Amino acid sequence: MCPPEHFEVRYAINPWMDPGTPVDRARALAQWEGLVACYRALGHTVDVLDPEPGLADMVYAANGATVVGGRVLGARFAFAEREPEAVAHRAWFTARGWADVGVPVQVNEGEGDFAVTGRWLLAGHGFRSSPLAPAEAQEYFGRPAIGLELVDPRFYHLDTALAVLDAEREEVVYFPGAFSPGSRAVLAALFPDALLASEADALVLGLNAVSDGRHVVLPREARGLFGPLRERGFDPVGAELGELVKGGGSVKCCTQELRPAPVQSSVPPP
Ligand code: ARG
C-alpha cells in the first residue's frame, strides 16, 4: 500500500475524476490509515511503498504489479501520467529480493484488471489493459487467463466490477452490467453461484473490495452487499474511503496483494 501523501485530482483519466472538485488530502490520508489499521486488526501484514511527488495516483497501489505464486508481473500503464509508478513498484520488489520481476510488453494495469481465483487469472480489458494482456499474463504465470471485456466506462477496471470472495472455493461477486454479453456468459459458466451485485452497490465502488476468504473489506456505502455476504458466511467490514473515490478508487485499488510461492516442504526426500 502507498500513502496518499501526494494525492490530488489534476487530470481526469476515468469518469470518477473531476479536477474541479477539491480534494482534502489530510482526510484522504486519515482514511487510508484507517484501512491500514483495519487490515492489521484482521491480522494481515501491510508493507508500504514510498510515495513519490508528482505521482498523484500512486495511492492506488493495486495497479502497479500483479503477484501470483511468488512471481511478479510489472505493470505498463495506459496513461503517461502513471507510467513512473510501474518503475517504482518493480524497484520495490527487486530491492526486497523478489527474483522474478517481469516487465510486460502489453499494457496491463496490474490488479486493477487482473483478479486471481484458485484456478484462474481473470483479466479485464476494454478501457485500460490491452486485450493482449491476458495471453501475456497466462504465459508468464502459467495459469489460465480468462479475458473479460468491460463495456461501461464507469467500471473501467475489472476491480470496480468484480471481487474475489474466496479464491479456493472460486467464489466471486460481480456487477453483470459492466461486462459485454459474451463475457457475462463466461462469468455465468465459470461462477454459476456467484453473488450478483446491484448497479447501486457497484456505483459506490462496492465491488472494489478485498477478501481474505472470510472478512470482506468493502466501501461501507455498499449497503446492499452486507446482508448477502453474511448469508454466505462472510464477515463484511465497512471502510470509509470517500476522499479516494474522487480519484476513481476505493479499498481494492489501494491494496496490492502479495501472493507468495507455495511453501516447499522441508522434509528431505527418502
Ligand atoms: N485515478 C486512478 C486511475 O484512473 C484510479 C485507479 C484506481 N485503481 C483501481 N485499481 N481501479 O488510474
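Just wondering, is there one or more residues in the range 199-222 that are more than 16 Å from the ligand (Cβ to nearest atom), touching a Pro at 6+ places or on another chain (Cβ under 6 Å), of a type outside the set (Ser, Thr, Tyr) and outside any helix (DSSP H, G or I)?
Yes - at least one qualifying residue is present in the range 199-222.
Kindly check whether there is at least one residue in the range 117-129 that is more than 16 Å from the ligand (Cβ to nearest atom), in a loop (DSSP other than H, G, I, E, B) and without any contact (Cβ under 8 Å) to a residue 24 or more places away in the chain.
Restricting attention to the range 117-129, the residues satisfying the condition of being more than 16 Å from the ligand (Cβ to nearest atom) are 117-120.
From what is left, the residues that are in a loop (DSSP other than H, G, I, E, B) are 117-120.
Subset that is without any contact (Cβ under 8 Å) to a residue 24 or more places away in the chain: none.
Within the range 117-129, none of the residues are more than 16 Å from the ligand (Cβ to nearest atom), in a loop (DSSP other than H, G, I, E, B) and without any contact (Cβ under 8 Å) to a residue 24 or more places away in the chain.
Quick one: in the range 97-116, which of the residues that are touching a residue at least 24 places away in the same chain (Cβ under 8 Å), part of a loop (DSSP other than H, G, I, E, B) and aliphatic (A, V, I, L, M) is nearest to the ligand (Cβ to nearest atom)?
Quick first cut of the range 97-116, residues touching a residue at least 24 places away in the same chain (Cβ under 8 Å) only: 98, 100-116.
Checking the rest, the ones that are also part of a loop (DSSP other than H, G, I, E, B) come to 98, 100, 103-107, 109, 113.
Narrowing the set further to residues that are aliphatic (A, V, I, L, M) leaves 103, 105, 107.
Numbers: 103: 19, 105: 20, 107: 12 Å.
Per the stated criteria, the residue is 107.
When you scan the range 14-48, how many residues do you find that are over 16 Å from the mean Cα position of the chain (by Cα), within 15 Å of the ligand (Cβ to nearest atom), under 23 Å from residue 257 (Cβ atoms) and in a loop (DSSP other than H, G, I, E, B)?
1
Identify all residues within the range 28-48 that are surrounded by 15 or more Cβ atoms within 10 Å (Cβ to Cβ) and touching a residue at least 60 places away in the same chain (Cβ under 8 Å); write none if there are none.
Initially, the range 28-48 is screened for residues surrounded by 15 or more Cβ atoms within 10 Å (Cβ to Cβ), giving 28-29, 31-32, 35-36, 38-39, 44.
Residues satisfying the conditions are 28, 31, 32, 35, 38, 39, 44.
From 175, 191, which residue is at pLDDT 95 or above, touching a strand residue (DSSP E or B) at 6+ places or on another chain (Cβ under 6 Å) and among the aromatic types (Phe, Trp, Tyr)? Explain how you work it out, then say what you get.
Values: 175 fails: touching a strand residue (DSSP E or B) at 6+ places or on another chain (Cβ under 6 Å).
Just one listed residue meets the conditions, 191.
Looking only at the range 173-216, count every residue that is of a type in the set (D, E, K, R) and exposed (fewer than 15 other Cβ atoms within 10 Å of the Cβ) and tell me the total. It would help to see each step written out before you state the result.
Within the range 173-216, the subset of a type in the set (D, E, K, R) is 184, 193, 199, 201, 212, 214.
Going one step further and asking which of them are exposed (fewer than 15 other Cβ atoms within 10 Å of the Cβ), we end up with 193, 199, 214.
Number of matching residues: 3.
Could you say which residue among 257, 243, 231 is over 17 Å from the mean Cα position of the chain (by Cα) and within 16 Å of the ligand (Cβ to nearest atom)? Break it down into steps so the answer makes sense when it comes.
Details: 257 fails: over 17 Å from the mean Cα position of the chain (by Cα); 231 fails: within 16 Å of the ligand (Cβ to nearest atom).
Matching residue, one of 257, 243, 231: 243.
Can you find, within the range 136-165, the residue that is nearest to the ligand (Cβ to nearest atom) among those that are touching a strand residue (DSSP E or B) at 6+ places or on another chain (Cβ under 8 Å), touching a residue at least 24 places away in the same chain (Cβ under 8 Å) and assigned to a helix (DSSP H, G or I)?
So, considering only residues that are touching a strand residue (DSSP E or B) at 6+ places or on another chain (Cβ under 8 Å), touching a residue at least 24 places away in the same chain (Cβ under 8 Å) and assigned to a helix (DSSP H, G or I), the one nearest to the ligand (Cβ to nearest atom) is 159.
Considering only residues that are part of a loop (DSSP other than H, G, I, E, B) and surrounded by fewer than 19 Cβ atoms within 10 Å (Cβ to Cβ), which ones fall in the range 228-245?
From the range 228-245, those part of a loop (DSSP other than H, G, I, E, B) are 232-234, 240-241; that's our starting set.
Selection gives 232, 233, 240.
Is there a residue in the range 217-227 that is out of contact with any strand residue (DSSP E or B) (no Cβ under 6 Å at 6 or more places or on another chain), without any contact (Cβ under 8 Å) to a residue 12 or more places away in the chain, surrounded by fewer than 19 Cβ atoms within 10 Å (Cβ to Cβ) and on the phi > 0 side of the Ramachandran plot?
No: the range 217-227 contains no residue that is out of contact with any strand residue (DSSP E or B) (no Cβ under 6 Å at 6 or more places or on another chain), without any contact (Cβ under 8 Å) to a residue 12 or more places away in the chain, surrounded by fewer than 19 Cβ atoms within 10 Å (Cβ to Cβ) and on the phi > 0 side of the Ramachandran plot.
Going by the conditions given, is residue 54 within 16 Å of the ligand (Cβ to nearest atom), part of a loop (DSSP other than H, G, I, E, B) and at positive phi?
Yes: the conditions hold for residue 54.
Mind checking which residues of the range 78-96 are near the ligand (Cβ under 10 Å from one of its atoms) and closer than 24 Å to residue 120 by Cβ? I'd like the intermediate steps shown before the answer.
Residues of the range 78-96 that are near the ligand (Cβ under 10 Å from one of its atoms), as a first pass: 78-79, 81-82, 85.
The one that is near the ligand (Cβ under 10 Å from one of its atoms) and closer than 24 Å to residue 120 by Cβ: 78.
The values are calculated or read from the model by the stated rules, or taken from the named source; none is laboratory data. Computed from a prediction, not measured in an experiment: that's the story for all the values here. Here the Cβ is made from the backbone with ideal geometry for all residues, glycine too, and neighbour counts use every protein chain on show.
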